[in-house]
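Taking it in order: structure first as C-alpha cells, then the write-up.
The values are calculated or read from the model by the stated rules, or taken from the named source; none is laboratory data. Quantities reported herein were computed from a predicted structural model and do not represent experimental measurements. Glycine also receives a Cβ, built like all others from the backbone with ideal geometry; neighbour counts cover every protein chain displayed.
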Amino acid sequence: MGKPLYSDFFTKELLLWYDQGNARNLPWKESKDPYQIWLSEIILQQTRVEQGMSYFLRFRETWPSLEHLAKATEDEVLKAWQGLGYYSRARRLLACAKRVQQEYGGKLPADYDALLKLPGIGPYTAAAIASFAFDLAIPAIDGNAHRLFARFFGIEIDPLSSLGKRAFRQMGERLIARNRPADFNQAVMDFASAVCRPKNPLCEDCPLRPGCRAFAERRVQELPIKPAAKTKEKRFFYYLALHLPKGQTCIRRRPAGDIWQGLWEFPLIELPHKIANPLSQIRKKTAKEWGLPQGINWRMRGPFKHVLTHRELHLTFLEGRLDEVPQPLKKNFRLVNRKNLPTFAWPKPLVHWAEKIAEM
Ligand code: SF4
C-alpha cells in the first residue's frame, strides 16, 4: 500500500480538533501511570466508557498498584468484576498482574513486544499502553480506527480479516504523529466516537470532510466493510434453586473450558434444544445425576434470553424444596446458607436470581 493521499492533512486536522478542547476527560488520562492505563484498557475491552468508569474507580481504590492487585485472589477479582461480563478478562487481568510482579518487579515493560506476551494483552491493548504510558509511536487500532480510516481513505477491506489487520496497522504506522503518539491514538478514538460515529456521523461539521473519500463518494454508510454475521449458538439452561433444610441451598463453581469459568451457579440442567414441556426431562436427569426425588413441586420462571458475543442463552429458573439432601447432591455441590449467596461471584444473568433466593 503506497502512502495514503491526504495523510498529512488527516493527522494535522485530527490533532487540531483534539487540541481545540475536544479531548474527553477520563480519570485514567490524568496520569501516565502504566498500571492505571493498563487497568482501564482491560476494563474497557468490549465495555462502554460509561459502564467501565465505576469499575475502574473501584479497582483503583481496592488495589491502588499492580503489586496490590497481584496479591488478590481470583474470587476477589471476579467478585469486583461482577456485572461487567467477559469474565476471562478478569482472570487474565489477575494472571497478568502476577506475571508482571514476578518477572518485571511489578512494573509493566516499556516494550510493545514484551507487553504482547502478557496474559490478556493483544495488539490494541499493547499499543495503547506503549503509547499512553511510554510515548512509543505504536498505533492503537480498534473499531474506532477501523471506521475512521476506512471512511476517510475509502478502504474496502474487512478490517478483521488477516489482510485487513495488516493493512490498517500499516496505515496507522504511516499516520501516527511521531512527536505526539499518545495524543494521536487518543484523538482517533475520541474523534471516531464523537464525530465519525457508527450511526449518524456528523459529516456536515467534520473538519476532515474536505479529504474524506467516503463522503465524496457517498459511501459513508457502507464503510467499514462488515463481515457476514455469524449465527449465534443457542443454548438452553435450566437452573435449579433448591430450598434445603437449615436455610441452605447448593451451588458450584463453573468448570474450565466453557463460558463463565470460575463463577458460581446453581445446579444446571442443559437441554440440547427448545422443549415445550421440559419438566419431565429435568425430573429424569436430576434423579439420575443427583438423586433428586421426581415428585418435587417446581416453580418455574422464564425463559429469559441473554445474548453473549457468540451465543444466545435461554435461561429458565426453577425453585423447589427438599426435606433431605441426597448424597449425590452433597458430593457434587457446595452447601451454603442462602443468605450468603450475594457474597459469591455470579454470572450477570444469575445475580438478581441469587439475591432473590437469599432474601427468601
Ligand atoms: S466526513 Fe463523515 S465519514 Fe468522513 S471522516 Fe468526517 S464524519 Fe467520518
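One residue stands out in the stretch 173-204 among those that are part of a helix (DSSP H, G or I) and charged (D, E, K, R): the one that is nearest to the ligand (Cβ to nearest atom), namely Glu204. Look at (1) exposed (fewer than 14 other Cβ atoms within 10 Å of the Cβ); (2) in a helix (DSSP H, G or I); (3) touching a Gly at 6+ places or on another chain (Cβ under 9 Å) and you find that Val351 fails only one, number (1). Scanning the stretch 20-51 for residues that are free of Cβ contacts under 8 Å to residues at least 24 places away in the same chain and more than 17 Å from the chain's Cα centre (by Cα) yields Gln20, Gly21, Asn25, Glu30, Ser31.
Could you tell me whether Ser65 is more than 13 Å from Trp346 (Cα to Cα), surrounded by fewer than 17 Cβ atoms within 10 Å (Cβ to Cβ) and modelled with pLDDT under 95? Lay out the reasoning, then the answer.
Details: more than 13 Å from Trp346 (Cα to Cα): yes; surrounded by fewer than 17 Cβ atoms within 10 Å (Cβ to Cβ): yes; modelled with pLDDT under 95: no.
Against the criterion (more than 13 Å from Trp346 (Cα to Cα), surrounded by fewer than 17 Cβ atoms within 10 Å (Cβ to Cβ) and modelled with pLDDT under 95), Ser65 does not qualify.
Going through Ala137, Ala133 one at a time, which residue ends up being part of a helix (DSSP H, G or I) and either touching a Phe, Trp or Tyr at 6+ places or on another chain (Cβ under 9 Å) or not assigned by TED's automatic domain parsing to the domain that holds Lys98 (or both)?
Working: Ala137 fails: part of a helix (DSSP H, G or I).
Being part of a helix (DSSP H, G or I) and either touching a Phe, Trp or Tyr at 6+ places or on another chain (Cβ under 9 Å) or not assigned by TED's automatic domain parsing to the domain that holds Lys98 (or both) holds for just one of Ala137, Ala133, which is Ala133.
Just checking, does the stretch 224-239 include any residue being within 16 Å of the ligand (Cβ to nearest atom) and surrounded by 14 or more Cβ atoms within 10 Å (Cβ to Cβ)? Checked against the condition, which is being within 16 Å of the ligand (Cβ to nearest atom) and surrounded by 14 or more Cβ atoms within 10 Å (Cβ to Cβ), the stretch 224-239 yields at least one hit. Does Ala194 count as in contact (Cβ under 8 Å) with a residue 24 or more places away in the chain, outside the structural domain of Pro272 (by TED's automatic domain parsing), surrounded by fewer than 18 Cβ atoms within 10 Å (Cβ to Cβ) and under 14 Å from Leu148 (Cα atoms)? Judged against the criteria, Ala194 is a match.
Residues to consider are Leu318, Leu313, Leu308; find the one that is under 24 Å from the mean Cα position of the chain (by Cα) and at pLDDT 95 or above.
Working: Leu318 fails: under 24 Å from the mean Cα position of the chain (by Cα); Leu308 fails: at pLDDT 95 or above.
Testing whether each residue is under 24 Å from the mean Cα position of the chain (by Cα) and at pLDDT 95 or above leaves just Leu313.
A single entry from Trp346, Trp298 fulfils the requirement of being hydrophobic (A, V, I, L, M, F, W, C), more than 30 Å from Thr231 (Cα to Cα) and touching a Leu at 6+ places or on another chain (Cβ under 7 Å): Trp298.
Assess whether Pro207 counts as being farther than 17 Å from Gly143 by Cβ, assigned to a loop (DSSP other than H, G, I, E, B) and near the ligand (Cβ under 9 Å from one of its atoms). Yes; evaluated as a whole, the condition is true for this residue.
Screening the candidates Leu335, Leu313 for the property of being part of a strand (DSSP E or B) and in contact with a His (Cβ under 6 Å, 6 or more places away or on another chain) yields one hit, Leu313.
In the stretch 202-230, how many are within 25 Å of the chain's Cα centre (by Cα) and either in contact (Cβ under 8 Å) with a residue 12 or more places away in the chain or more than 22 Å from Gly164 (Cβ to Cβ) (or both)?
Step one: filter the stretch 202-230 for residues within 25 Å of the chain's Cα centre (by Cα), giving 223-230.
Cutting the leftovers down to either in contact (Cβ under 8 Å) with a residue 12 or more places away in the chain or more than 22 Å from Gly164 (Cβ to Cβ) (or both) gives us 223-227, 230.
Summing the residues that are within 25 Å of the chain's Cα centre (by Cα) and either in contact (Cβ under 8 Å) with a residue 12 or more places away in the chain or more than 22 Å from Gly164 (Cβ to Cβ) (or both) in the stretch 202-230 gives 6.
Name the residue, out of Arg299, Arg253, Arg311, Arg283, that is surrounded by 13 or more Cβ atoms within 10 Å (Cβ to Cβ) and within 20 Å of Leu350 (Cβ to Cβ). The match here is Arg253.
Only one of the listed residues (Leu94, Leu69, Leu14) is aliphatic (A, V, I, L, M), over 21 Å from Gln261 (Cα atoms) and in a helix (DSSP H, G or I). That residue is Leu14.
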